[in-house]
1. Check Arg125 against each of (1) more than 30 Å from Leu176 (Cβ to Cβ); (2) at pLDDT 75 or above and name the one condition it does not meet.
2. Quick check on this structure: which one of Phe82, Phe67 is surrounded by fewer than 15 Cβ atoms within 10 Å (Cβ to Cβ), of a type in the set (Phe, Trp, Tyr) and either at pLDDT 80 or above or over 29 Å from Phe32 (Cα atoms) (or both)?
3. What are the residues in the stretch 31-47 that are within 31 Å of the chain's Cα centre (by Cα) and either surrounded by fewer than 18 Cβ atoms within 10 Å (Cβ to Cβ) or not in a helix (DSSP H, G or I) (or both), if any?
4. Looking at the stretch 136-170 only, could you name the residues that are aliphatic (A, V, I, L, M) and either surrounded by 11 or more Cβ atoms within 10 Å (Cβ to Cβ) or modelled with pLDDT of 90 or more (or both)?
5. Residue under question is Ile35, and the condition is that it be among the aliphatic types (A, V, I, L, M) and modelled with pLDDT under 70; does it hold?
6. In the set Ala20, Ala2, Ala57, which member is modelled with pLDDT under 80 and under 25 Å from Val173 (Cβ atoms)?
Amino acid sequence: MAYNKKQFLDLLIEYRSDEARRARRNVGVTTFAIILGCLLNLHLANMNLFGMNVSSASERTVLVIAFILLIYWSIMFLFTSFQDSKIQEERLRILKDEAPQLLERLKMIEKIKNDHEQQWYIYERDYPDYNEVKTSVEAYQLQQNRTKQASTAVKWMRRIEFCVPLVLTILAVLALSIMFKKTFS
């Protein structure tokens, strides 16, 4: 039985890519600048953005660029979130396939250990992965218990992490439309 303890334990951790984190952060930063500019009645062209002075650019150009960036980062966020969810689904499937095999292996080894308790030192060399298998099964069982205990919080956290950037995007699009109206009138 090919057994990789680190690989199995890694499957217990929810997958979140750096790309999704960056896209979520960039949506947050972009929407923050747009919404703040709208609420404070600031022109985006008069703001220093990322250390750049864009005051020489027309307000329309800055608004168009802000809109393009907002749409780009929102799309990237959606795609990377979708990718992460599919990878997590696959990891869970692998985990569900691996866990029963480990549980069975642990039961078999422990049965032999109990049946030959006095001579276990003789049989022990035939099962060099016993401690690793036992540790992994215990980690899996603890993770399953924690998951049951925290499933509601985890569900809400996932929803919030997904919905907040989308809501901020909608608010930023509304803010940009207000800013466009003010610029063109």
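The values are calculated or read from the model by the stated rules, or taken from the named source; none is laboratory data. Note that the structure is predicted; figures quoted are calculated from it, not measured. Cβ coordinates were reconstructed from backbone atoms using ideal geometry, including for glycine residues, and neighbour counts include every protein chain displayed.
1. (2)
2. Working: Phe67 fails: surrounded by fewer than 15 Cβ atoms within 10 Å (Cβ to Cβ).
None of the other options fit; the residue is Phe82.
3. Passing the criteria: Phe32, Ile35, Leu36, Leu39.
4. Scanning the stretch 136-170 gives Val137, Ala139, Leu142, Ala150, Val154, Met157, Ile160, Val164, Leu166, Val167, Leu168, Ile170.
5. no
6. Ala57
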